[in-house]
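**Student:** Below you'll find the structure I mean.
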Amino acid sequence: MASSDPSEWLQTRLPKLSQLDSLQRCLICKDFLKAPVITSCNHTFCSLCIRQHLQSVSNCPLCKAEQFESNLKRVIILEELVSCFRELRPQLLSLLALQDSGEAVMEPPPPKDIEVVEISDDDTSKGPDLVQCPVCSKSMSAKHLQQSHLDYCLRGEVEPPAASALLKLTRSAKSSAERKRGGISLFFLAQKRARPSPPPKEEINHEAFYFNEVHKHHHEVKRLPKIDFSSLSTVKVKEKLLNLKLLTQGTRPQLELRYNQFYLLYNSNIDLSRPASELELRQKLNQWEKSHQGFSAPKAGSTIYGDELKYKALTDKDFPIRGWLKKYREEFTTLTQTARATHAKKKASAIDVPSGTTTPESTTQSPGMTTSTQLQSSTVAVNEVIELSSHELEKQFFPDSKQDANVAAASSADEKPHFAATESLSPARSLAYLGNAAPDSALQREGSQKIAEEELYDFSNSMLA
Amino acid sequence: MKPRSTAQKRLLKEYQQLARDLPPGIVAGPISDDNLFEWDCLLEGPEDTPYENGVFRAVLKFPTDYPLSPPLLTFDPPLLHPNIYEDGTVCISILHPPGEDPNQYERPEERWSPIQSVEKILLSVVSMLAEPNPESGANIDACKLWRDDRDAFCRQVRVQALKALGLL
């Protein structure tokens, strides 16, 4: 189906329907709600969309209230409402379209166009499925050709021009009359009666489903549990996948990605009134793998932001640590130096994130330390960095961290935690902080450059080992 | 053909909607048909600001997990503005990943959330052009210039605007 959007209603006779349309869509995927679930803050999203979102952030995308997957509740009636509206939508759109209904009814079309412009008086004859008449080679809908045009054409008569409304009214009378006359259209009618074409889609009575088929509302299926992968061996992970009839090939991170995606697909599928089979879910999973870069051939420094490194993947085991270190070497240097400065001034600064993660190890290092202890301590540091949430990492390692570091340097000179400073200061003063920071940090950077470089080297060694 | 991911579907939708109903002073769309993850944008400088009458080009790069993660917006060529880094990257709260800010610096409701859209991003960028926020400066030199010597700041911006239009 071509993708649709609420603004399509703006050109109809009822532009306000765009609101009705818009309200039935998920704010995350902008498509119609699929298996709608409601949060504890009473906002509604597609089950899959919100579950995906909650894997990384535990809040409602709309109001930011704290939110957990376990609180999501299915809204059965909304699902039925949405699918009802979706089924009616194309018809409603064409009925309310301004140019069609407004003009065509007012002025009768010129007789020449009568065969070409067939009115869609029933579901099957709509759409551009025009065929050519084998006799006069005019194009029209197959149904019109079979039911009336062909008779006239074969008899050498001209089909009487009928206004569309008239055609609609006299349709039944006319076809019975033609049957008596024994036109060729009988052939098609007979065939149709003998072998009724199956309905293209199973008609769902949403009203009956909601009110009368209550027993179908709940599925006796247990949700898949979340897995704590850190406590499982690869063999155990494969066993779990095998139990779900999932593929077990691929690297460990791929196995985990595969389970997590299936977990999402499976649990959101249960929120549907008419869930898909597990086989379909597995097919969806395969499709997802094809489009997910975690499953494409590993490239050095594969990314999400074009040439930028993927900060989120820092928690992945196959993260391109070498490229990452290379890219953020300078930031690291600045941060290390900031951390040292802060640590020297104040031993415990609990809120300062950069120093909190790197200071304990890095500052206790003395030049005379043995390599093994250095290695060990830097491993701890790396692990700590990896443990950080993606959000903090972004703050630390993305471009604005430069500025943060500067602010930190400046504020540490004043013995003040840096965000307290930026938060409470007037614009002018915080600017002064920023301004002063530059020369200070430049000086400090030179001094600590060498030590930091050694550390980076150790980082990469220990990570690659 | 590869199956369309959620991100691609959503980007396509946003593009269709933008094409139908474009906010004034903003043009945006994917660079090519086969890559929906990179968009070209043209922004008109807001009135009564030094950016007035300028048309500025910016590139939006979307992550593959869009809309769960925010895109990156970069002015090309870079623009002199307190909240735009020297390389052109825009620094506004709406483009920062969701969740709690450890610094308590930006309120969570100002940050990225999947309910935001390209249109909202571009509208916030236009209003950022009109009202710089020197409290969270990205370009320190621009911050200082904006604060200490507004005339010189405006002059430099005018020069950039003319250059961007190929008039200088």
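**Student:** When you scan segment A:282-298, do you find a residue that is modelled with pLDDT of 75 or more, more than 17 Å from the chain's Cα centre (by Cα) and away from every other protein chain (no Cβ under 14 Å), even just one?
**Tutor:** yes
**Student:** Name the residues in segment B:8-53 that are touching a Leu at 6+ places or on another chain (Cβ under 8 Å) and assigned to a loop (DSSP other than H, G, I, E, B), would you?
**Tutor:** Scanning segment B:8-53 gives B:ASP21, B:PRO23, B:GLY25, B:GLY45, B:PRO46, B:THR49, B:TYR51.
**Student:** Only one of (1) closer than 20 Å to A:ASP31 by Cα; (2) at pLDDT below 90 fails for B:SER32. Which number is that?
**Tutor:** Only one criterion in (1) closer than 20 Å to A:ASP31 by Cα; (2) at pLDDT below 90 is unmet by B:SER32, namely (1).
**Student:** Answer yes or no as to whether B:GLN8 is within 11 Å of another protein chain (Cβ to nearest Cβ) and either open to solvent by 90 Å² or more (accessible area, probe 1.4 Å) or within 13 Å of B:THR64 (Cβ to Cβ) (or both).
**Tutor:** Considered against the rule, which asks whether it is within 11 Å of another protein chain (Cβ to nearest Cβ) and either open to solvent by 90 Å² or more (accessible area, probe 1.4 Å) or within 13 Å of B:THR64 (Cβ to Cβ) (or both), B:GLN8 comes out as yes.
**Student:** Further, regarding this structure: Is there a residue in segment A:35-48 that is touching a residue at least 60 places away in the same chain (Cβ under 8 Å), among the small types (Gly, Ala, Ser) and touching a helix residue (DSSP H, G or I) at 6+ places or on another chain (Cβ under 8 Å)?
**Tutor:** yes
The rows are residues; the columns are (1) touching a residue at least 40 places away in the same chain (Cβ under 8 Å); (2) among the charged types (D, E, K, R).
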{"position": "B:GLU47", "(1), (2)": "no, yes"}
{"position": "B:TYR51", "(1), (2)": "yes, no"}
{"position": "B:GLY54", "(1), (2)": "yes, no"}
{"position": "B:ARG57", "(1), (2)": "yes, yes"}
{"position": "B:THR64", "(1), (2)": "yes, no"}
{"position": "B:LEU68", "(1), (2)": "yes, no"}
{"position": "B:PHE75", "(1), (2)": "no, no"}
{"position": "B:LEU79", "(1), (2)": "yes, no"}
{"position": "B:ASN83", "(1), (2)": "yes, no"}
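**Student:** Residues A:LYS64, A:LYS34, A:LYS30: which one is within 14 Å of chain B (Cβ to nearest Cβ), outside any helix (DSSP H, G or I), open to solvent by 70 Å² or more (accessible area, probe 1.4 Å) and modelled with pLDDT under 95?
**Tutor:** That would be A:LYS34, the only listed residue that is within 14 Å of chain B (Cβ to nearest Cβ), outside any helix (DSSP H, G or I), open to solvent by 70 Å² or more (accessible area, probe 1.4 Å) and modelled with pLDDT under 95.
**Student:** Could you tell me which residue of segment A:1-48 is nearest to B:TYR66 (Cα to Cα), considering only residues that are under 16 Å from the mean Cα position of the chain (by Cα) and among the β-branched types (Val, Ile, Thr)?
**Tutor:** Residue satisfying both the conditions and the ranking: A:ILE28.
**Student:** What are the residues in segment A:253-285 that are open to solvent by 40 Å² or more (accessible area, probe 1.4 Å) and of a type outside the set (Gly, Ala, Ser), if any?
**Tutor:** A:LEU257, A:ASN260, A:ARG274, A:PRO275, A:GLU278, A:LEU279, A:GLU280, A:ARG282, A:GLN283, A:LYS284
**Student:** Here is a follow-up. Would a scan of segment B:31-40 turn up a residue that is surrounded by fewer than 21 Cβ atoms within 10 Å (Cβ to Cβ) and farther than 30 Å from A:SER296 by Cα?
**Tutor:** No, that holds for no residue.
**Student:** Could I ask something else about it? Which one of B:PHE75, B:PHE37, B:PHE62 is more than 10 Å from chain A (Cβ to nearest Cβ) and touching a Phe, Trp or Tyr at 6+ places or on another chain (Cβ under 7 Å)?
**Tutor:** When all the criteria are applied, what remains is B:PHE75.
The values are calculated or read from the model by the stated rules, or taken from the named source; none is laboratory data. Because the structure is predicted, anything quoted here is derived from the model rather than measured. Note: ideal-geometry Cβ built from the backbone for every residue, glycine included; neighbour counts use all protein chains shown. Just the protein is used for accessible areas: all its heavy atoms, side chains included, with ligands, DNA and RNA removed. Shrake-Rupley method; radii C 1.70, N 1.55, O 1.52, S 1.80 Å.
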